[in-house]
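K.L.:
Take this structure first; my questions come after.
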Amino acid sequence: MAFPPRQARVAVAAIAIGVSIVAACGPASAGASPGSATTVLRLGYFPNLTHATAIVGVADGLFAGALGPDVALETRTFNAGTEAVEALFSGALDASYVGPNPAINAWARSKGEAVRIVAGATSGGAFLVTRPGITDPSQLRGRTLATPALGNTQDVALRSWLETQGLSTTAEGGGDVAIRPQSNADTLAAFASGAIDGAWVPEPWATRMVREGGGRVLVDERDLWPGGRYVTTELIVSSVFLGAHPDAVAALLRGHVAATARIGDDPDRSRRTVAAEIGRLTGSTLPDDLLAAAWRNLTFTNDPIAGSLQASADHAVAFGLLEPVDLTGIYDLEPLNAALSAAGQPAVPAP
């Protein structure tokens, strides 16, 4: 993201301790179920289009098929990466699809011990949507904007971009622009009611804010990155689980590669699958034309786009949301590249 150096800082805010589990398949002990030799792999993801790889992998049985009969898959859905990371830290989760900033925070908080990034999933699909009368960044002064969670990927992106426009923010919601962290569903309702002036959100919420809330896109985040490529979603795995069950992680990645390939080979069917699952998980069914428009803003890729992760870390450090952190060792792409080789696909370059 082509942001200039920043001097302003915002206060460090602790990641929420409570874990909001939207859906779960039931409790399980770490790694293996009681009285059984079967390994249990507990996987987290969000009911968002940006997590389509996970949704297709679960719904189409690609993960379960790759894992085989000796590994039981349990899934849980979350509202934000901060919640998924807390679940992983508490031992309630073994792997999760998350955005870059939660992955960086998990790495930094554990001094490089807790997690490894094992694959990319999605690039693109995040936008700043505002009221139609707001056509210039200067008009945001004194306004209230929303993000999915304090310190999450979109939250850092919004604060970074605002600072390049000479607009300050604070973790407490002060500064030139007030930022209100809240769930995406609450953001859409607040925008429609006039309670907020815009939000930096992932798809399909950005398109919903345009179509249902009458908003307009002020910033397409792709325009801020070289080549328009930046990591939106990636797959992280607990280091403990990876060390104890490398074969299970390798199998999960075979399912991940298969899910990415299915999305590429049959995007219309995959989109319908994702729409149905989001409807089941959230209780809200979206029109296919809306989902099709949002889908076009996403690129599904196994490449974690490592350069953008380092840039995200630098932005968080510059804002005081993160202490300086060395990301050396955060990636373990050997299992991914083995899965890609088995599928006859080229390897992802080492970071």
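K.L.:
Among the residues of region 322-351, count how many are among the small types (G, A, S) and part of a loop (DSSP other than H, G, I, E, B). Let's see the steps before the verdict.
P.N.:
Start the filter on region 322-351 by keeping residues that are among the small types (G, A, S), which leaves 329, 338-339, 341-344, 347, 350.
Narrowing further to those that are part of a loop (DSSP other than H, G, I, E, B): 329, 343-344, 347, 350.
Matching residues across region 322-351 total 5.
K.L.:
Name the residue, out of G81, G91, that is at pLDDT below 90 and not acidic (D, E).
P.N.:
Working: G91 fails: at pLDDT below 90.
Just one listed residue meets the conditions, G81.
K.L.:
May I ask you to say which residue of G151, G173 is modelled with pLDDT under 95, assigned to a loop (DSSP other than H, G, I, E, B) and over 19 Å from the mean Cα position of the chain (by Cα)? Show your work before the answer.
P.N.:
Values: G151 fails: over 19 Å from the mean Cα position of the chain (by Cα).
G173 is the lone residue from the list that is modelled with pLDDT under 95, assigned to a loop (DSSP other than H, G, I, E, B) and over 19 Å from the mean Cα position of the chain (by Cα).
K.L.:
Can I ask one more? Considering only residues of region 266-321 that are part of a helix (DSSP H, G or I) and among the basic types (K, R), which is surrounded by the most Cβ atoms within 10 Å (Cβ to Cβ)?
P.N.:
Applying the first criterion (part of a helix (DSSP H, G or I)) to region 266-321 yields 267-282, 288-295, 306-318.
In the following step, the residues that additionally are among the basic types (K, R) were identified as 269, 271-272, 280.
On the way: R269: 13, R271: 21, R272: 14, R280: 13.
Here the answer is R271.
K.L.:
Modelled with pLDDT of 95 or more, open to solvent by 30 Å² or more (accessible area, probe 1.4 Å) and among the β-branched types (V, I, T), is that true of V40?
P.N.:
Values: modelled with pLDDT of 95 or more: yes; open to solvent by 30 Å² or more (accessible area, probe 1.4 Å): no; among the β-branched types (V, I, T): yes.
No, not satisfied.
K.L.:
Continuing with the same structure: Any idea which residue in region 106-163 is nearest to V219 (Cα to Cα), counting only those that are among the aliphatic types (A, V, I, L, M) and open to solvent by 20 Å² or more (accessible area, probe 1.4 Å)?
P.N.:
The qualifying residue nearest to V219 (Cα to Cα) is L150.
To keep it simple, each residue is scored yes or no on (1) open to solvent by 30 Å² or more (accessible area, probe 1.4 Å); (2) touching a Leu at 6+ places or on another chain (Cβ under 7 Å); (3) farther than 17 Å from V98 by Cα.
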residue	(1), (2), (3)
M209	no, yes, yes
L218	yes, yes, yes
E221	no, no, yes
W225	no, no, yes
V231	no, yes, no
V240	yes, no, yes
L253	no, yes, no
H256	no, yes, no
A261	yes, no, yes
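K.L.:
Another question, if that's okay. Going through region 66-89 one residue at a time, which ones are within 21 Å of A114 (Cβ to Cβ) and charged (D, E, K, R)?
P.N.:
The answer is E74, R76, E83, E86.
K.L.:
Within the bounds of region 117-125, is there any residue that is at pLDDT 95 or above and in a helix (DSSP H, G or I)?
P.N.:
No, the conditions are met nowhere in region 117-125.
K.L.:
Have a look at P346, P351 and point out the one that is surrounded by fewer than 22 Cβ atoms within 10 Å (Cβ to Cβ) and more than 20 Å from the chain's Cα centre (by Cα). It would help to see each step written out before you state the result.
P.N.:
Details: P351 fails: more than 20 Å from the chain's Cα centre (by Cα).
Within the list P346, P351, the selection yields P346.
K.L.:
Tally up the residues in region 71-82 that are open to solvent by less than 30 Å² (accessible area, probe 1.4 Å) and under 14 Å from the mean Cα position of the chain (by Cα), please.
P.N.:
Going through region 71-82 one residue at a time, the tally reaches 5.
K.L.:
Another question, if that's okay. Output the number of the condition that A185 fails; it satisfies all remaining conditions of (1) among the aliphatic types (A, V, I, L, M); (2) touching a strand residue (DSSP E or B) at 6+ places or on another chain (Cβ under 6 Å); (3) closer than 20 Å to V98 by Cα.
P.N.:
Among (1) among the aliphatic types (A, V, I, L, M); (2) touching a strand residue (DSSP E or B) at 6+ places or on another chain (Cβ under 6 Å); (3) closer than 20 Å to V98 by Cα, the lone unmet condition for A185 is (2).
The values are calculated or read from the model by the stated rules, or taken from the named source; none is laboratory data. Nothing here was measured: the structure is a model prediction, and the numbers come from that model. Every residue, glycine as well, gets a Cβ built from its backbone with ideal geometry; the counts of neighbours run over all protein chains shown. For the accessible areas, the whole protein counts, side chains as well, though only heavy atoms, and no ligand, DNA or RNA atoms are used. Shrake-Rupley method; radii C 1.70, N 1.55, O 1.52, S 1.80 Å.
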